[in-house]
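Here's the structure, in structure tokens; my notes come after.
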Amino acid sequence: MKATLITVAVLVLALGWTSEAVQVEENGLTFSLEAVKRLQELTESHLATGQQNPRLRASTVSSCADPMLPQEFLPLCKLRGASASLARLAMVPLDVCEICAFAACTGC
């Protein structure tokens with residue numbers, strides 16, 4: 001009985017943690033902080049390999065076509081202005097976002 005109670009308590013806590021995850025909002029859409037981190041890593045790897053113009057931190061063509069792009073961004077890729085939105089997401093200061101001191105971040 002105690003083991004069941006402990007298991008239920010852990011599951012409830014885990015659900016609470018995931019439901020209050022930090023979200024980053026851009027162009028009316030919200031993305032998980034983890035997805036934004038992966039986008040930034042992807043952008044940095046493109047810059048390191050010379051696949052993108054350094055002045056354009058996130059190109060719609062290369063980022064949206066990349067199979068490593070988190071699925072969360074596909075609706076954004078279909079919108080007009082996706083390139084600018086991806087560039088802004090790639091520049092979100094994650095350390096500040098993790099403490100919700102950045103206007104685009106919510107859910108702390």
Inset, instruction - Please work out how much accessible surface LEU39 shows to a 1.4 Å probe, ignoring ligands, DNA and RNA, in Å² rounded to 10. - result: 0
Legend entry - Added length on full extension, which subtracts the Cα-Cα distance from 0.36 nm per residue, ARG88 to GLU25: 21.6 nm
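The values are calculated or read from the model by the stated rules, or taken from the named source; none is laboratory data. Quick caveat: nothing in here was measured; it's all calculated off a predicted structure. In case anyone asks, the SASA skips ligands and DNA or RNA and just uses the protein heavy atoms, side chains included. Shrake-Rupley method; radii C 1.70, N 1.55, O 1.52, S 1.80 Å.
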